[in-house]
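Worksheet for the structure shown next.
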Amino acid sequence: MWVTMKRLDGTLVAEKIRETLRDKVSILARRKPLLVIVWVGTNRASETYIRAKEKACHGVGIAFALIHLNESITSSALLEHIRALNQRPAVDAILVQLPLPPHIDTDRAIQTIDPTKDVDGLHPINQGKLLLGDPSGFCPCTPAGILALLSHYKIDPQGKHVVIAGRSNIVGKPLAALLMQKRAGCNATVTLIHSASTHIEHLTKEADILIIAIGKRHWLKAPMVKEGAIVIDVGINQDEKPNIVGDVDFDNVAPKCAWITPVPGGVGPMTIAMLMHNTVRSYENRLL
Ligand code: GUN
């Protein structure tokens with residue numbers, strides 16, 4: 001029973017966030033907010049994520065459109081699609097689903113999105129604002145979702161040693177920038193470890209809060225975790241069955257933790273809730 005008690009339930013918290021957004025949109029609604037996803041190719045995992053985002057939009061009262069482009073599209077044709085969306089006043093939010101095929105310049109595609117519509121928070125302007133502590137930008141959804149989840153359970157990172165594993169532009173780097181900020185809900189001491197780090201187990205064992213975002217299933221093992229730590233699992237991997245499993249060896253790690261996120265049902269739903277949050281914010285900004 002106590003194992004169930006200490007789960008950080010992302011499904012539940014995400015539902016609460018969506019309810020609040022739904023109420024907000026229903027009051028504001030002169031028109032519905034509009035999120036457009038641009039998807040290139042046929043990656044199966046991307047399709048699953050896109051469908052989940054579409055479902056969340058419908059639940060909140062956000063209009064959703066998908067621009068599905070052929071795998072063979074040229075970089076310049078893709079950029080033209082993005083520029084056209086930038087120009088359309090009714091489009092509040094643009095998300096280019098990643099990964100893009102290898103022949104496409106991903107950085108260039110992201111840099112072409114209007115930063116005021118970049119609800120993924122990946123444009124250099126938004127990443128720069130995050131690093132500077134300027135709240136006018138969009139924060140990437142997974143880092144924002146992790147902070148919202150901790151906040152819901154009254155877990156304050158202030159003064160805690162947070163060890164993040166993984167240095168991606170979409171999770172590890174923006175999460176480190178966020179947690180080190182001088183403001184309530186942050187103020188953490190941050191260590192970021194990655195594939196070239198040494199003495200990894202020594203560092204993970206020092207952590208009060210461990211956040212794993214490296215994409216290797218069951219990477220975090222029980223001996224790497226301090227008794228009473230808080231463990232956040234960002235991983236979404238498939239095992240041989242195929243079931244969805246995280247980056248944490250949950251069954252062996254959970255008994256040592258004060259709190260832990262399950263996979264699925266932890267960080268994933270929070271990421272999508274934050275995408276809804278950013279979309280509604282972009283819509284509000286545009287109404288003003
Ligand atoms: N692919 C997997 N997750 C994400 C995400 O949050 N945003 C984008 N753009 N692509 C993704």
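Is it the case that the stretch 30-37 has a residue that's open to solvent by less than 90 Å² (accessible area, probe 1.4 Å), under 19 Å from Asp114 (Cα atoms) and outside any strand (DSSP E or B)?
yes
Is at least one residue of the stretch 3-12 surrounded by 14 or more Cβ atoms within 10 Å (Cβ to Cβ), in contact (Cβ under 8 Å) with a residue 24 or more places away in the chain, outside any helix (DSSP H, G or I) and within 16 Å of the ligand (Cβ to nearest atom)?
no
Can you name the condition, by its number, that Val263 falls short on among (1) within 16 Å of the ligand (Cβ to nearest atom); (2) part of a helix (DSSP H, G or I); (3) among the aliphatic types (A, V, I, L, M)?
(2)
Within the stretch 41-159, considering only helices (runs of 4 or more DSSP H) that don't extend past its boundaries, which have at least 2 residues that are within 13 Å of the ligand (Cβ to nearest atom)?
Ranges flagged: 44-60, 106-112, 141-152.
Filter the stretch 237-249 for residues that are farther than 21 Å from His161 by Cβ and buried (at least 21 other Cβ atoms within 10 Å of the Cβ) and give the result.
Within the stretch 237-249, Gly246 is the sole residue that qualifies.
Filter the stretch 38-51 down to the residues that are surrounded by 14 or more Cβ atoms within 10 Å (Cβ to Cβ) and of a type in the set (A, V, I, L, M), then identify the one that is farthest from Thr279 (Cα to Cα).
Selected residue: Val40.
Would you point out the residue of the stretch 160-178, among those that are surrounded by fewer than 18 Cβ atoms within 10 Å (Cβ to Cβ) and within 15 Å of the ligand (Cβ to nearest atom), that is nearest to Leu203 (Cα to Cα)?
Among them, the one singled out is Ser168.
If I go through the stretch 198-228 residue by residue, how many of them are in a helix (DSSP H, G or I) and hydrophobic (A, V, I, L, M, F, W, C)? Quick ask: steps written out before the conclusion?
First, pick out the residues of the stretch 198-228 that are in a helix (DSSP H, G or I): 200-206, 222-224.
With the extra rule that they be hydrophobic (A, V, I, L, M, F, W, C), the set shrinks to 200, 203, 222, 224.
Residues in the stretch 198-228 being in a helix (DSSP H, G or I) and hydrophobic (A, V, I, L, M, F, W, C): 4 in total.
Does any residue in the stretch 46-69 that is without any contact (Cβ under 8 Å) to a residue 60 or more places away in the chain come within less than 7 Å, Cβ to Cβ, of a residue that is open to solvent by 30 Å² or more (accessible area, probe 1.4 Å) and hydroxyl-bearing (Ser, Thr, Tyr) six or more places away or on a different chain, and which pairs are these?
Gly61/Ser26
Leu288 passes all but one of (1) open to solvent by less than 20 Å² (accessible area, probe 1.4 Å); (2) without any contact (Cβ under 8 Å) to a residue 12 or more places away in the chain; (3) of a type in the set (A, V, I, L, M); which number fails?
Failed condition: (1).
The values are calculated or read from the model by the stated rules, or taken from the named source; none is laboratory data. The structure presented is a predicted model; accordingly, all values stated were derived computationally and were not measured. As a convention, Cβ positions derive from the backbone with ideal geometry for all residues, glycine included, and neighbour counts pool all protein chains shown. Note: areas computed on protein heavy atoms with side chains; ligands, DNA, RNA excluded. Shrake-Rupley method; radii C 1.70, N 1.55, O 1.52, S 1.80 Å.
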